[in-house]
1. With the checklist (1) closer than 17 Å to residue 173 by Cβ; (2) of a type outside the set (A, V, I, L, M); (3) surrounded by 14 or more Cβ atoms within 10 Å (Cβ to Cβ) in hand, flag the one item residue 10 doesn't pass.
2. Please go through segment 132-147 and give me each residue that is of a type outside the set (Phe, Trp, Tyr), surrounded by fewer than 20 Cβ atoms within 10 Å (Cβ to Cβ) and out of contact with any strand residue (DSSP E or B) (no Cβ under 6 Å at 6 or more places or on another chain), ordered by number.
3. Answer yes if at least one residue in segment 88-105 is charged (D, E, K, R) and within 18 Å of the chain's Cα centre (by Cα), and no otherwise.
4. Considering segment 41-59 alone, what residues qualify as being outside any strand (DSSP E or B) and charged (D, E, K, R)?
5. Considering each residue of segment 186-225, count those that are charged (D, E, K, R) and crowded, with 18+ Cβ neighbours inside 10 Å, and give that number.
6. Counting only residues that are touching a residue at least 40 places away in the same chain (Cβ under 8 Å), over 19 Å from residue 41 (Cα atoms) and among the aromatic types (Phe, Trp, Tyr), give me the strands (runs of 3 or more DSSP E) lying completely in segment 182-268 with at least 1 of them.
7. Tell me, which residue of segment 149-173 that is in a loop (DSSP other than H, G, I, E, B) and at pLDDT 90 or above is surrounded by the fewest Cβ atoms within 10 Å (Cβ to Cβ)?
Amino acid sequence: MARAIFVPDGGFYVPTALAAGPWGPYVAGQNVGGLLCRTIERDFGDPDFQLARLTVDLPRRALLQPCAVTTTVHRDGGRVRLADAVLTQADTAVATARAVFLRLGEQPDNTIWSSPVSMPAIPRTPSPVPEDYPLHVWAFNSDEPDRTECDFSALQQACQKFLWVRFVVPLILGEDATPTTRAAMAADATSAVCQYGTNGLHFINADYTLALVRPPDGPFVGLAAMTQCGHAGLANGVATMFDQHGPIGNCLATGIANHGFPQTNRQR
């Protein structure tokens with residue numbers, strides 16, 4: 001098996017077994033979002049612009065079948081660039097993304113209030129990396145600050161949660177994912193860090209949004225849960241995204257009740 005999430009094949013991207021997520025035999029949301037972001041960056045990226053917002057809509061499950069991605073630019077102005085990407089399988093749209101690129105400039109001199117938040121220290125990466133692991137996830141919670149788990153068991157608490165994520169295989173065979181694409185992939189975990197509770201995880205993403213002020217520096221991307229709301233089978237959660245230097249953006253995940261997450265209700 002190729003050590004990558006997708007293998008290029010002509011105009012298609014063929015998912016490997018590493019593309020599957022925890023909800024079943026489907027392409028994981030972070031890999032769908034990553035492929036959409038990567039294609040938007042490839043077609044419209046510019047060193048003078050930052051991808052400041054990316055919204056990934058997940059109206060259908062992506063099967064472990066060849067994918068095609070098309071892009072469209074809707075505005076290409078001097079300060080704002082707006083672009084879309086659509087992921088299709090067998091000529092059916094299964095996911096879309098909209099990106100807003102903003103021109104970089106001088107930061108105003110000002111002091112502005114923000115919610116105080118900090119991340120646990122970056123953990124040590126195990127060596128060697130298991131062959132069947134496309135990423136490492138370290139989970140923490142505020143009630144047990146010294147507890148570090150390489151699974152989601154530390155999230156099954158009624159307190160603030162944190163994740164550090166490191167992707168250890170390429171998104172696309174033969175390519176290095178950009179820092180922004182890695183941030184887009186990590187943002188899918190906003191649901192886990194915000195929606196996990198004492199009885200497990202019972203919401204699956206319908207969409208997620210990433211707002212970035214700069215790309216992550218280094219291989220680790222962190223998420224700190226900030227708030228969560230839920231009612232009548234719907235939920236949303238907001239997390240702050242970090243790299244090794246500090247906060248770099250915020251994420252919003254919109255979820256619908258779904259009870260198939262395999263690690264839910266695990267014994268602790």
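The values are calculated or read from the model by the stated rules, or taken from the named source; none is laboratory data. Given the structure is predicted, the values throughout are model-derived calculations rather than measurements. Neighbour counts are summed over all protein chains in view; Cβ atoms, including those assigned to glycine, are modelled from backbone coordinates with ideal geometry.
1. Looking at each condition in turn, residue 10 falls short on (3).
2. Listed by number, the residues that qualify are 132, 142, 143, 144, 145, 146, 147.
3. Yes, the conditions are met somewhere in segment 88-105.
4. Selection gives 41, 42, 43, 46, 48.
5. Here is the first cut: in segment 186-225, the residues charged (D, E, K, R) are 188, 207, 214, 217.
Of the ones still in play, those that are also crowded, with 18+ Cβ neighbours inside 10 Å are 188, 207.
Total meeting the criteria: 2.
6. Working: elements: 203-212, 220-231, 234-243, 246-257.
Output list reads 203-212, 220-231, 234-243.
7. Ranking the qualifying residues of segment 149-173, first place goes to 158.
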